[in-house]
1. Inspect the stretch 136-158 for any residue being of a type outside the set (A, V, I, L, M, F, W, C) and open to solvent by 10 Å² or more (accessible area, probe 1.4 Å) and give the result as yes or no.
2. Quickly run through the stretch 225-245 and pick out the residues that are under 18 Å from V77 (Cα atoms) and touching a Leu at 6+ places or on another chain (Cβ under 7 Å).
3. Scan the stretch 146-166 for residues that are free of Cβ contacts under 8 Å to residues at least 60 places away in the same chain and within 13 Å of L129 (Cα to Cα) and report the count.
4. All but one of (1) within 17 Å of the chain's Cα centre (by Cα); (2) open to solvent by 20 Å² or more (accessible area, probe 1.4 Å) hold for L184; which doesn't?
5. Output the qualifying pairs, or none if there are none: Cβ atoms under 9 angstrom, residues six or more apart or on different chains, first residue in the stretch 280-302 and on the phi < 0 side of the Ramachandran plot, second residue polar (S, T, N, Q) and part of a loop (DSSP other than H, G, I, E, B).
6. Could you grab me the full set of residues in the stretch 61-86 that are surrounded by 23 or more Cβ atoms within 10 Å (Cβ to Cβ) and of a type outside the set (V, I, T)?
7. Please determine, by comparing only the residues of the stretch 218-259 that are hydrophobic (A, V, I, L, M, F, W, C) and not in a helix (DSSP H, G or I), which one is surrounded by the most Cβ atoms within 10 Å (Cβ to Cβ).
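The values are calculated or read from the model by the stated rules, or taken from the named source; none is laboratory data. If you're wondering where the values come from, they're calculated on a predicted model, not measured in any experiment. In this analysis, Cβ positions are derived from the backbone assuming ideal geometry, glycine residues included, and neighbour counts consider all displayed protein chains. These accessible areas exclude ligands, DNA and RNA; they are computed on the full protein's heavy atoms, side chains included. Shrake-Rupley method; radii C 1.70, N 1.55, O 1.52, S 1.80 Å.
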Amino acid sequence: MVSFSALRHVRRLLALGIGSGSLLSLLSGCAPEAPPSNPDTGPKMPEGDLLDYPVDAPGPFRVGYRSFLYTYQPKGVPGPREIRVNLWYPTLDEEGTPPRYINVFPDEDVFEGASVAPPMEAAGYPVHLHSHGYSGFGGTSSDMMRWFASHGWVAVAPDHKGNTLPEHEDTVPLTMSFLRPMDLTASLDALEALPADDPLSGKCRTDEVLLSGHSFGGRTAWATGGAVHDLAAIQAMCDAGSKFSEPCTPEQIAVFGEGLGEPRVAAAIPMASGVGADEPGWFGYDGYDAVNKPFMQMSGSLDPVGAENVWSRVTSIDFTWLDFEGGCHQLFALGGCPEFDSLEGWALVNKYAFAFARRHVLADTSDEVRKILDGTEVLSPKVKFQHK
């Protein structure tokens, strides 16, 4: 859930910049009274390709933003579902109007409706998919979205209808736990279904994407990554009678048994999520390993969500755990942790996440990425690095 203290810090978090602007063209050897021999023709495309820019700094692009509605038919519910899909993308525009996420929160470092910069590679734009937390919205982790878009990626985050800030309720129905993964799958489908005249149409590399998620979105990331649900544990939650806002049905529980994994996910980053030591949780004691793909878990040391219990249950996948000393639950979203500066926190989150994405989505085998991901390069003494 988004705290009021976190909301007071949102402007500070969203104020993180993505760069200092594009280079100005140099004018050469002209007499004062004559027109320039090499007139400025506007912003230029960055040179090189996606791997030519350092992992630990914002990329060469400005960032554009747009959103649109998409309707799909999920399993386990009677009618169609309409979600808002939020997109961040690279642009060469140097000025524009900031968006307001959910019509409230401005982002001064993004231009709404900006033109789309061409992809840096013929294969198109790599894709980063994100799931927001309980009672959040797609833009709660916009700093990460901006970082990726500044490097030539398309970042996409749906608003999980029925579980957003304007719709906040203390409990939600069981169906929300399978609708969220379906929203992520639908968001990728929406990118693939863009009309032919859309500048992103046919250019988003949705076959292998990075997935991330915060809090409830972290659990959503495990489910979407392919973790196997513990149906008996879910039935016990339903039988308790206080976990969900509506009674569960056998048909709803059966949806979890069918699996919610999305094969287009290449690697995932669950943030600020976990499980109690003495409870099976949603994936039991051995359901996490079913993802069979690299995961990087991020947590804050002051956030007792049980990240250490997930660490102990994962045994066979490529698994990294980053624990931020002094980090709170909102370090990975709206910020405002009393003992961890938001700007410093997001800078570290972005560097680790982007190195992970470059390795597992773009097959980056550079020393820069390798050293970050094997712990050789210590980005901060505040981050406890573990890998297995």
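1. Checked against the condition, which is being of a type outside the set (A, V, I, L, M, F, W, C) and open to solvent by 10 Å² or more (accessible area, probe 1.4 Å), the stretch 136-158 yields no hits at all.
2. C238, F244 - these are the residues of the stretch 225-245 that are under 18 Å from V77 (Cα atoms) and touching a Leu at 6+ places or on another chain (Cβ under 7 Å).
3. Summing the residues that are free of Cβ contacts under 8 Å to residues at least 60 places away in the same chain and within 13 Å of L129 (Cα to Cα) in the stretch 146-166 gives 0.
4. All conditions are met except number (2).
5. Between residues of the stretch 280-302 that are on the phi < 0 side of the Ramachandran plot and residues that are polar (S, T, N, Q) and part of a loop (DSSP other than H, G, I, E, B), the close pairs are D286/T315; Y288/T315; D289/T315; D289/S316; Q297/S273; S299/S273.
6. F61, R62, G64, Y65, N86
7. Within the stretch 218-259, the match that is surrounded by the most Cβ atoms within 10 Å (Cβ to Cβ) is A227.
Okay, residues lined up against (1) touching a residue at least 12 places away in the same chain (Cβ under 8 Å); (2) more than 30 Å from Q330 (Cα to Cα); (3) in a strand (DSSP E or B):
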site: M45; (1), (2), (3): yes, yes, no
site: P58; (1), (2), (3): yes, no, no
site: R66; (1), (2), (3): yes, no, yes
site: Y70; (1), (2), (3): yes, no, yes
site: G76; (1), (2), (3): yes, yes, no
site: P90; (1), (2), (3): yes, no, yes
site: D93; (1), (2), (3): yes, yes, no
site: E121; (1), (2), (3): yes, yes, no
